[in-house]
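Written out below as C-alpha cells is the structure these notes cover.
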Amino acid sequence: MSIRILVTGGTFDKEYDMINGKLDFEETHVPEMLQLGRCTIETEVRTLMMVDSLEMTDTDREVILHNCKKASEERILITHGTDTMAETAEYLAKENLAKTIVITGAMIPYKFGSSDGFFNLGAALAFLQTLPHGVYVAMNGRYYAWDNVRKNKKTGFFETLK
C-alpha cells in the first residue's frame, strides 16, 4: 500500500525567523519526521504550497483537489493548518472521490521540539490505512468525519459538532 502525502504548510511546517521575529516557512519537515519515526510505509511526499491556512483560498483548495484526483494512490494524507482544516475537508468531500483522505496538522511547529505534529502525523498514517473511502480530519489521537468536526479555538482541541 502506497500513500501520497500532500504538504500545504500550516503550523506543522513553520519555523521561527529570528531576524523578523515571526513564524515563517522554509521547507517541509515531513520527510525528516517519517525518517525519525522509522516509518516503513511506502510514501510519496509532494509539497503543493507552504501557506498559513488562514490565508488559504479556494484556488489553493482547487490545487489540493486536483492533486488528490490525479494521484494514483487511493490513500492520501494532507498536512494543513488547523484553522481552516475543516473547510478544506468539506471542499474535498463534495467531490466524492473513491479515495481515503486524511487531513492533519499541528498546534505547535515541529521545529519547536514540543510539537503535537509528530504524534498527529503517526496517528493520521494509521487511520489512513484502516478507514474506508471518505474525507477525515485526524488530530489529538482521534479522527473525525469531514462533516462532524470543528476546532475549538478556546481549548485548542478538535471536537465533534454533534
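The values are calculated or read from the model by the stated rules, or taken from the named source; none is laboratory data. Keep in mind the model is a prediction, meaning the values are calculated, not measured. Neighbour counts run over all protein chains shown; Cβ positions are idealised from the backbone, glycine included.
Structural remarks
- Residue count, the range 46-55 (criterion: touching a residue at least 12 places away in the same chain (Cβ under 8 Å) and either in a helix (DSSP H, G or I) or out of contact with any Ser or Thr (no Cβ under 7 Å at 6 or more places or on another chain) (or both)): 5
- Enumeration of residues in the range 76-109 that are under 17 Å from Phe158 (Cα atoms) and among the small types (Gly, Ala, Ser): Gly81, Ala86, Ala89, Gly105, Ala106
- Close pairs from the range 148-162: first within 18 Å of Gly134 (Cα to Cα), partner of a type in the set (Ser, Thr, Tyr) and part of a loop (DSSP other than H, G, I, E, B), Cβ under 6 Å, at least 6 apart: Asn148/Thr160
- Residue tally, condition β-branched (Val, Ile, Thr) and within 13 Å of Met1 (Cβ to Cβ), over the range 34-77: 4
- All positions within the range 98-119 that are buried (at least 22 other Cβ atoms within 10 Å of the Cβ) and not in a loop (DSSP other than H, G, I, E, B): Ile101, Val102, Ile103, Thr104, Tyr110, Gly117
- Residue list for the range 131-141, filter: over 13 Å from the mean Cα position of the chain (by Cα) and modelled with pLDDT under 95: Gly141
- Residue in the range 142-153 that is in a loop (DSSP other than H, G, I, E, B), touching an Asp or Glu at 6+ places or on another chain (Cβ under 7 Å) and under 25 Å from Leu36 (Cα atoms) present: no
One line per residue, one yes/no per condition, for (1) surrounded by 21 or more Cβ atoms within 10 Å (Cβ to Cβ); (2) among the hydroxyl-bearing types (Ser, Thr, Tyr); (3) part of a loop (DSSP other than H, G, I, E, B):
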position: Ser72; (1), (2), (3): no, yes, yes
position: Ile78; (1), (2), (3): yes, no, no
position: Thr88; (1), (2), (3): yes, yes, no
position: Leu92; (1), (2), (3): yes, no, no
position: Asn96; (1), (2), (3): no, no, yes
position: Lys162; (1), (2), (3): no, no, yes
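- Identity of the residue in the range 56-70, touching a Ser or Thr at 6+ places or on another chain (Cβ under 7 Å) and part of a helix (DSSP H, G or I), that ends up surrounded by the most Cβ atoms within 10 Å (Cβ to Cβ): Ile64
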